[in-house]
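To start, the structure itself, in structure tokens.
The values are calculated or read from the model by the stated rules, or taken from the named source; none is laboratory data. Every value quoted in this text rests on a predicted model; they were computed, and no experiment measured them. Reconstructed Cβ throughout: ideal geometry from the backbone, glycine too, with neighbour counts over all protein chains shown. Protein only, heavy atoms only, side chains kept; ligands, DNA and RNA dropped before computing areas. Shrake-Rupley method; radii C 1.70, N 1.55, O 1.52, S 1.80 Å.
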Amino acid sequence: MRKGIQFAKYSILALLGMVLLSGCDKSQFIVLDPKGPVAQQQLELIIISAVLCAIIILPVIGIFIYITVRYRDKPDNKAPYQPEWDDSRLLEVVWWGIPIIIVAVLGFFTAKTTLALTKPPVKDVKPIVVQVTSMDWKWMFTYPDKKIATVNYAEIPAGVPVQFILTSDAPMNSFWIPQLGGQEYTMPGMSMGLWLQADKTGNYFGSGANFTGKGFAHMQFKVKAVTQADFDKWADQVKKNSPALTTAGYKDLSKPGLSKELSFSSYPSGLFETIVNKNGGKYYDHMNHMGDSMNMSGMNMSGMNMSGMDMSGMDMKSQNK
Amino acid sequence: MNTSGFFVTGDPMIYGADVSIVLVSVAIIFYLTYFKKWGWLWREWITTVDHKRIGIMYLIASLLMLFRGGVDAILMRLQLAIPNAHFLESEHYNEIFTTHGTIMILFMAMPFMFALFNMVVPLQIGARDVAYPALNAISFWLFFLGAMLFNLSFVIGGSPDAGWLSYPPLSENQFSPGPGQNFWIWGVQISGIGSLATGINFVVTILKMRAPGMRLRDMPLFTWSVMASSIAILGVFPILTVSLIMLTIDRLFGGHFFTMTAGGNPMMWVNLIWMWGHPEVYIVVLPAFGVFSEVVATFAKKRIFGYGSMVFSMIAISVVSYYTWVHHFFTMGAGADVNIVFAICTMIIAIPTGVKVFNWLFTLYRGRITVTQPLLWFYAMIPCFLVGGSTGVMLAAAPADYQYHNSYFLIAHFHQVLIGGVVFGYLAGMYYWWPKVFGFKLNDKLGKWAFWLWQIGFYVCFMPQYALGFMGMTRRIYTYNQTMGWDMGWAPLNFISTIGAFLMGAGFVFQAWQIIYSIKHGERDVTGDAWNGRTLEWSIPSPPPAYNFAILPTIKGRDSWWYQKQEMQNGTYKQEPVKYEPIHMPKNTGVPFIMSCFFFVAGFGFTFEWFWMGIIGLIGVAITLFVRSFQYDTDYYITVEEIERTEKALRNNASVQRTAN
């Protein structure tokens, strides 16, 4: 039996080693390989929290091993045995105190990052707006200032803050581009905001993160970050060469099913706002939440006012002419 | 409703299950008839109100459900082992992860917990049964028939496939038509009513049924943990009941609480279900903490360290657990201020939990540790729960959660706390109290094989999943590398993870073998005190007689049995003269079972939207309630002669077994 246990211990170590080795290629760990300021800030918080946790775990595991070895019930064990000792004010203060301090520190950084992420990542560049609609089982992106639409891929200019405005015309999904930053839910009848930005050009993996049924596993999309010039060129190309998305075309598109990457030179006016409103948006006075209902400074930057969904859509258009 | 698809068809695995279900049923019916056991089954088990027997039935049911949930897990891991696999189709995979989650939490963890409640609490506080024995039987049968209704969906009507918490609008008629989702609602609803009743029962039992002299601060920590857990049940299970009724109204009567159109608000469901769902995970983990406290003190042969601190931290956990639910949807745009509050509340929960770990370690410090099977599971919990708890704190940092949410990082985290904390805890409890309930210990050697397979399997299965989360793999995808030409490099780690799942499965097989083997060959416990225990349950024979305590003990302080044993050794213990008195006991009753059967009929009817059947079922429930309230002959007395006879037999039996071994 003892041998069995030894063997078991070594095999755990060997297997853990294998796991670590097999994951050596750092670029595959996309969450840990950020390409934009939002993902970068989130990674910093991940590292801070991991370090703070390690400060607790490692010593405790050390103490645990020491105690279990030293106080085993063996005839020749000389370690003290105090069966009635059951309290120590000092020790209690120590182990209530240390976790409280750690939580306070982590709470501070959490609050700081939370507030920071409600604002556009850089202040001196004019942001662009991309509206995102999750459908069964595809993603539609509409560009209010360019009046073009795409399905299952998005192009964005690198170095420019992007305000994604999210809704859903199907069960709620979640919009996630790990290398640019964390996700936000897309919900029917609501429109919510998420600031992201790519610092470098490149193709980034995006996916739906919240289960939406049969075709959910196929809801991945590509985000192509290109230079501003290339972005404008691409938009012109789409404008020139792609078909228009008509109301009937949208109806077809929104039927459950998968889709290829598609581009459209135009879309029915106010499509995104219509989607939000028909799914219950008219019942609520929704702002485009940027994750902060109090601090609306981020809102104003993109030229929206907060008087409700219908309005904000209109404003966006007039501002971006 | 179209019922042409009444029986689930088209999948060879389902046909296999159909055949095995029929075969097992025939075998059971044959066995009961051939050996004339129907009467025995009815008298001894189905109508019993004895908390020990109810506990045993809970345990059997939960182990069966662990098997079913485990098979689901293995099927999922098989599908994900290689990219582009065609082992399961999308909808089948979706059904399997939905039933896996629902079964493991509601039909495995909950009944396993109630098994421990029932087997232990009355014995620990020196009571002869719970406060409401018939209600206790109702709780069990509601759970059991709710679970059976849910499991029936596997072969009749089709399983639910909208995830274990059934987020609308996906779970509404528009996207999930048919009986599958209704099975989920009614299975959970019926067993949930049972859980709520159990919560009430144990709060009252602990407050009102303690042996004379036992103050609250003399109670064993397991009993305290049951108290904390039951209080949380009282607070949150009504929310579950109401949420399910609202979803029922949406689905059956065309309501619009959570629909996409007509002003329905799906996010309201998400709030409600997590107001129940988050405290629910603390409800299941608190009793596991209680188990560890008993196990550690017993095998360190030392008083539990920081008793006051332990009690305070459990109550703190059960209270703060009400204020953390939003951390399940930081990414739903509640706003920065809301996110910060709930992030910090979530982190605060880690403080009392961490304190408990320190107190357990310092109970071992300056003790004399005997390593036994229950303690091994405690040892396994410490590193596992520490790491799982830490990743929980990492998840609590709201902005970082934007990157973890719905990813395999989250999956790895909650399996690590739920397996490392809850399952390891319950298994420790099972090994610890097994000799008390059944009168024999579980085989050591097979137990160690099971233990190490579980341990290795666990880390091999779930550590890669943390890495997969960082690689951007989201939960609930049935296949990967299939669309868009992305190769994210998920394949090797998924393969390793599948190996781990199989190792854990092998561990479970060893445990099943261990139980069967030990029934015949396990070391018999003739003393009633198999582990040199500290608390009252070890002062009576194993298994205890129906009335538990022939004479109710008088309690002088914490760990009273331990100190009584010391006095007995010193010779300072003064044996009171034995004078038995007739014992007042509750009578068996068939009402709980019959009533639960009517609930089953109602649930089945509403599931298929056969309202006539649902209403018949509910009328049946009302009638059984009515009948029960006019039953006056519900109790009896055990005579002094019978007590004398039983106690003598228990002693003789013990000596016979002693010579046999």
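Details
- Top-ranked residue in the stretch B:538-569 [being within 24 Å of B:HIS51 (Cβ to Cβ) and among the hydroxyl-bearing types (Ser, Thr, Tyr); ranked as most open to solvent (accessible area, probe 1.4 Å)]: B:THR554
- Count of residues meeting criterion [of a type in the set (D, E, K, R) and either in contact (Cβ under 8 Å) with a residue 12 or more places away in the chain or under 21 Å from B:PHE342 (Cα atoms) (or both)] in the stretch A:71-118: 1
- Residue ID - modelled with the lowest pLDDT, chosen from residues in the stretch A:17-59 that are among the polar types (S, T, N, Q) and within 25 Å of B:CYS384 (Cβ to Cβ): A:SER22
- Residue within the stretch A:46-65 that is aromatic (Phe, Trp, Tyr), within 7 Å of chain B (Cβ to nearest Cβ) and surrounded by 20 or more Cβ atoms within 10 Å (Cβ to Cβ) present: no
- The residues listed here are B:PHE292, B:PHE312; of these, the one that is touching a residue at least 40 places away in the same chain (Cβ under 8 Å) and either open to solvent by less than 10 Å² (accessible area, probe 1.4 Å) or not assigned by TED's automatic domain parsing to the domain that holds B:VAL204 (or both) is B:PHE292.
- A residue that is under 14 Å from B:TRP224 (Cβ atoms) and not in a helix (DSSP H, G or I) occurs nowhere in the stretch B:285-294.
- For the stretch B:328-382, taking the residues that are of a type in the set (D, E, K, R) and outside any helix (DSSP H, G or I), the one that is most open to solvent (accessible area, probe 1.4 Å) is identified as B:ARG366.
- Unmet criterion (only one of (1) surrounded by 16 or more Cβ atoms within 10 Å (Cβ to Cβ); (2) farther than 30 Å from B:TRP38 by Cβ) for B:THR572: (1)
- The single condition among (1) surrounded by 24 or more Cβ atoms within 10 Å (Cβ to Cβ); (2) in a loop (DSSP other than H, G, I, E, B); (3) not charged (D, E, K, R) that B:VAL226 does not satisfy is (2).
- Residues of the stretch B:142-159 include none that is within 10 Å of another protein chain (Cβ to nearest Cβ), within 26 Å of B:TRP325 (Cα to Cα) and in contact (Cβ under 8 Å) with a residue 60 or more places away in the chain.
- Restricting the stretch B:392-448 to residues that are part of a loop (DSSP other than H, G, I, E, B), out of contact with any Leu (no Cβ under 7 Å at 6 or more places or on another chain) and farther than 15 Å from B:GLU523 by Cβ leaves a set whose member that is nearest to the other protein chains (Cβ to nearest Cβ) is B:ASN406.
- Whichever residue in the stretch A:66-83 is modelled with pLDDT under 90 and out of contact with any Lys or Arg (no Cβ under 6 Å at 6 or more places or on another chain) and, among such residues, is most open to solvent (accessible area, probe 1.4 Å): A:LYS78
- Some residue of the stretch B:491-514 being of a type outside the set (Ser, Thr, Tyr), assigned to a loop (DSSP other than H, G, I, E, B) and open to solvent by 60 Å² or more (accessible area, probe 1.4 Å): no
- Of all the listed residues (A:ALA217, A:ALA209, A:ALA229), the sole one being of a type outside the set (D, E, K, R), within 10 Å of another protein chain (Cβ to nearest Cβ), free of Cβ contacts under 8 Å to residues at least 24 places away in the same chain and open to solvent by less than 80 Å² (accessible area, probe 1.4 Å) is A:ALA217.
- Residue within the stretch B:451-466 that is aliphatic (A, V, I, L, M), more than 9 Å from chain A (Cβ to nearest Cβ) and on the phi < 0 side of the Ramachandran plot present: no
- Scoring A:ASP136 on the criteria (1) surrounded by fewer than 24 Cβ atoms within 10 Å (Cβ to Cβ); (2) without any contact (Cβ under 8 Å) to a residue 24 or more places away in the chain leaves a single failure, condition (2).
- Identification of strands (runs of 3 or more DSSP E) wholly contained in the stretch A:141-241 with 1 or more residues that are on the phi > 0 side of the Ramachandran plot and either not hydroxyl-bearing (Ser, Thr, Tyr) or not assigned by TED's automatic domain parsing to the domain that holds A:SER254 (or both) yields A:181-186, A:202-208.
- Any hit, the stretch B:521-537, residues being part of a helix (DSSP H, G or I), within 30 Å of B:VAL371 (Cα to Cα) and open to solvent by 50 Å² or more (accessible area, probe 1.4 Å): yes
- Evaluation of B:GLY213 against the conditions (1) more than 14 Å from chain A (Cβ to nearest Cβ); (2) assigned to a helix (DSSP H, G or I) shows that the sole unmet condition is (2).
- Cβ-Cβ distances below 6 Å connect no pair with a first residue in the stretch B:44-60 that is surrounded by 22 or more Cβ atoms within 10 Å (Cβ to Cβ), a second residue that is of a type in the set (Ser, Thr, Tyr) and in a helix (DSSP H, G or I), and a separation of six or more residues or different chains.
- Scanning the stretch A:84-119 for residues that are open to solvent by 50 Å² or more (accessible area, probe 1.4 Å) and among the charged types (D, E, K, R) yields A:GLU84, A:ASP87, A:ARG89, A:LYS112, A:LYS119.
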